[in-house]
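Heads up: the structure comes next, in structure tokens.
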Amino acid sequence: MPDSTIRRQALSLLKQFYGFNSFRAGQLEVIETVSGGRDALVIMPTGGGKSLCYQLPALLAGEGVAIVVSPLISLMQDQTQALQANGIPAAAVHSGNDEGTNAELIRAAENGRLKILYMSPERLVLMLDRWKRLKISLFAVDEAHCISQWGHDFRPDYIALARLKAERPDVPVIALTATADRLTRDDIVARLGLSNPYVHIGSFDRPNISLASFANPGMRERVRFVASLARKYPGDSGIAYSLSRAGAESFHKHLLAAGVRSVCYHAGMDAAARKRSLDAFLSGKAQVCSATVAFGMGIDKSNIRWVVHNNMPGNIESYYQEVGRAGRDGLPAEAILFHSYADVLTLTRFAEESGRRDINQEKLKRMEEYAHARVCRRRILLSYFGEETHRDCGNCDVCLNPPVRFDGTVLAQKALSAAMRTGQGAGISMLVAVLRGSMRSDLRALGFDKIKTFGVGVDVSAAEWADYISQFIQLGLMEIAYDDASHLKVTPAGMRVLRGVATVSLARYEPRQAPEKRKKKKEAVPHVSADPVQQLFAQLKAVRTEVARKAGVPPYIVFSDATLMDMAVRRPATLDDFLEVNGVGEKKAVRYGDSFIKAIRRFEGLSASEGAGVSLKQTLVLFNAGVTLPEIAEIKNVKLGTIHNHVATLIEKGMITSYGTFISRREYEEIVQALKAGGDSVYDRLREKYTSGIIAIARAIARRNGVLQ
Ligand code: ADP
Ligand code: ZN
């Protein structure tokens, strides 16, 4: 197929099945390449849109099934559910099914009844001998970094995938991952044996995710912050990550006590408890998941509005991957990092014990720089991933609140001097206490209330001091001796400031504000928005919850928030208009359209239904989507005869022009002959053999062809 044909077909399938109007950057090129039979390596951030890169080639292939390798059952189930909801025949074979079901699904794939089949690597490798002649449109290896020992999530099972290319050199392999580093990338290509692959490296920018970082918040402040996020995004959810299981448990309890619908998730819980938490989170019953990083890889929930890190992660790769779970639908989302020097202490220990001490310490250092940055945080992230940036992002705390600089030399001298006079034997909180003249008993026990600088900084608040000291550390005037009870030591650069030969420019301290307060607008009743789009959006969400409950699927499988938002803006009052909404494919339009259109019409003050034409149009849309007539009847919950009558009408109007699948040539001719011959009881005679629906169809075709009046 020439490229332009593939492009056209790809675009039309995108609209028909997914309801999207355009591809994201890079997707179409990958799709063309794989459809053309070439291997590909696709690197895109989490939420970047990797799935379409293999799903569309699977649809474009005339015959054969696409086999997708995935490391987690939850990931497979989620994808399968989403594909089926869009009317794409897909399934997953895994140990969570009984083996009878699995055997049935494999047969379905072999008989050409499936377009996409998910399975684990070890299962696929076992199938290769049996499938020597099966037509396979492509192999997709999802989370491909799992094949590399350099990656952060090595899975030995993936190694066997080297056999794919060896046994089936005719089948293109597409490897997909969000891990960008060069070592892992090269390893994937080598281990899978990809031949001259097309490599797409997408931008790692996720501009819809706002970034912010806060040093040393206390537990009360953290809980208040998260509770405030929960209120700010009432219908949506968020994740709070902690470094340890105990941390996740404890934060979860604090959230519950603050009235937040939270669940807990970590690898120390038994499988049943984990599943309960996951289900509650996915269904929206729980709004917040307080978790360790064990939670997340399988989570493709599009309406996660925020991710809070309770502790600093060990490196920027992990951080960005975890943050990427927010805002996958492209709507505004927030990433908030809480960190403290205690985190750094723990992580330094991890790094030392890791067996890759130097690399890990270096990575931790970069993470610390991010946490403390006073320049655009997104630029730091993107430059870390090797992307050039030319502008500040305008959507991080630094850009939104650019630091006001002032001469902080005197402040620095006070702190440095106090540090010296404690014999460099004070940590951050002790040093602040000394500067503020606190009467803490541990301070007095050490005799720090006797030194000359005791209380010289009483005019500056403790929070302010903590912030400035953190800046002194960033500026290299002081350092934390992790090997000496985290005491602050004055560096040679600090000595120069102390002696008055160097000056210090500081960013002015900005008190932290909870998320609700950060937006300037103050509304009397915060959650009933006056904005009609927001109002309708909220109503559509309620409809989605109801529809999802009835269908027994999570709400985001019905429609993403981005789709509901587009709906709230366009306000489609007819099925035709409904199909224009970004994210509404044909299958979902017919399945769910009624409920949403009704709500929109009610909102607009229109009569409840669009009138008689709707049902016909729905039938047409489904028919064009390749749904069989009995299936249409089932979906619409009407008799097959009703659908036959619709089809007859549509044929007469010239809107359906291929009839082969529901009436044979012989049947058509027999019925038309009889109708032409006429006679009193022609109809009764035909009814002995045919339903009235089929007769109507035959008559419609004949009329359309001018054979009958
Ligand atoms: P990844 O696998 O890279 O993490 P997904 O394939 O799950 O990302 O895609 C993330 C989200 O983006 C999904 O909700 C998906 O429906 C949406 N998406 C992907 N491609 C497009 C597109 N071309 N137009 C609109 N939305 C898209
Ligand atoms: Zn910025």
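The values are calculated or read from the model by the stated rules, or taken from the named source; none is laboratory data. What you see is a predicted model, and the numbers here were worked out from it, not measured in a lab. Glycine also receives a Cβ, built like all others from the backbone with ideal geometry; neighbour counts cover every protein chain displayed. Just so you know, the surface numbers come from the protein's heavy atoms only, side chains and all, with ligands and any DNA or RNA stripped out. Shrake-Rupley method; radii C 1.70, N 1.55, O 1.52, S 1.80 Å.
Key figures
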quantity	calculated
Selected residue (only one of 345, 331 is surrounded by fewer than 19 Cβ atoms within 10 Å (Cβ to Cβ), within 30 Å of residue 565 (Cα to Cα) and modelled with pLDDT of 85 or more)	331
Test: residue in the range 130-140 that is more than 26 Å from residue 77 (Cβ to Cβ) and either without any contact (Cβ under 8 Å) to a residue 24 or more places away in the chain or not hydroxyl-bearing (Ser, Thr, Tyr) (or both)	yes
The range 418-428: number of residues that are crowded, with 18+ Cβ neighbours inside 10 Å and either more than 16 Å from residue 477 (Cα to Cα) or polar (S, T, N, Q) (or both)	1
Matching entry among 364, 337 (being surrounded by 23 or more Cβ atoms within 10 Å (Cβ to Cβ) and at pLDDT 90 or above)	337
Which listed residue is open to solvent by 60 Å² or more (accessible area, probe 1.4 Å) and closer than 17 Å to residue 299 by Cα, from 276, 245	276
Helices (runs of 4 or more DSSP H) within the range 533-582 that include 1 or more residues in the same structural domain as residue 635 (by TED's automatic domain parsing) and within 15 Å of ligand 1 (Cβ to nearest atom)	none
Pairs with Cβ under 9 Å, 6+ apart, first in the range 169-188 and over 21 Å from residue 56 (Cβ atoms), second of a type in the set (Phe, Trp, Tyr) and at pLDDT 85 or above	180/204
Residue 112, sole failed condition from (1) open to solvent by 40 Å² or more (accessible area, probe 1.4 Å); (2) at negative phi	(2)
Top-ranked residue of the range 438-488 - restricted to ones that are more than 43 Å from the chain's Cα centre (by Cα) and among the small types (Gly, Ala, Ser), ranked as least open to solvent (accessible area, probe 1.4 Å)	457
The listed residue being more than 13 Å from ligand 1 (Cβ to nearest atom), modelled with pLDDT of 95 or more and over 26 Å from the mean Cα position of the chain (by Cα), out of 106, 67	106
Residue that is nearest to ligand 2 (Cβ to nearest atom) [pool: residues in the range 49-58 that are surrounded by 24 or more Cβ atoms within 10 Å (Cβ to Cβ) and of a type outside the set (Ser, Thr, Tyr)]	50
Within the range 368-390, considering residues that are out of contact with any Leu (no Cβ under 8 Å at 6 or more places or on another chain) and closer than 21 Å to residue 467 by Cβ, the one farthest from ligand 1 (Cβ to nearest atom)	374
Positions within the range 191-208 being open to solvent by less than 70 Å² (accessible area, probe 1.4 Å) and over 21 Å from residue 36 (Cα atoms), in sequence order	203, 204, 205, 206, 208
Pair list, Cβ under 8 Å, 6 or more apart: the range 2-16 residue open to solvent by 50 Å² or more (accessible area, probe 1.4 Å), other residue more than 14 Å from ligand 1 (Cβ to nearest atom) and acidic (Asp, Glu)	3/32; 7/32
Any hit, the range 640-655, residues being outside any helix (DSSP H, G or I), more than 30 Å from residue 533 (Cα to Cα) and open to solvent by 60 Å² or more (accessible area, probe 1.4 Å)	yes
Residues located in the range 4-31, provided they are over 14 Å from residue 53 (Cα atoms), near ligand 1 (Cβ under 9 Å from one of its atoms) and of a type in the set (Gly, Ala, Ser)	19
Single residue of the range 622-639 satisfying the filter (open to solvent by less than 50 Å² (accessible area, probe 1.4 Å) and under 27 Å from residue 708 (Cα atoms)) that is modelled with the lowest pLDDT	623
Selection within the range 656-680 - assigned to a helix (DSSP H, G or I) and β-branched (Val, Ile, Thr)	671, 672
Selection status of residue 234, within 16 Å of ligand 2 (Cβ to nearest atom), assigned to a loop (DSSP other than H, G, I, E, B) and open to solvent by 60 Å² or more (accessible area, probe 1.4 Å)	no
Residues of the range 117-138 that turn out to be among the hydrophobic types (A, V, I, L, M, F, W, C), over 23 Å from the mean Cα position of the chain (by Cα) and either under 23 Å from residue 44 (Cβ atoms) or part of a helix (DSSP H, G or I) (or both), as a count	5
Looking only at the range 381-405, and only at residues there that are more than 9 Å from ligand 2 (Cβ to nearest atom), under 19 Å from residue 323 (Cα atoms) and modelled with pLDDT of 85 or more, the one that is surrounded by the most Cβ atoms within 10 Å (Cβ to Cβ)	381
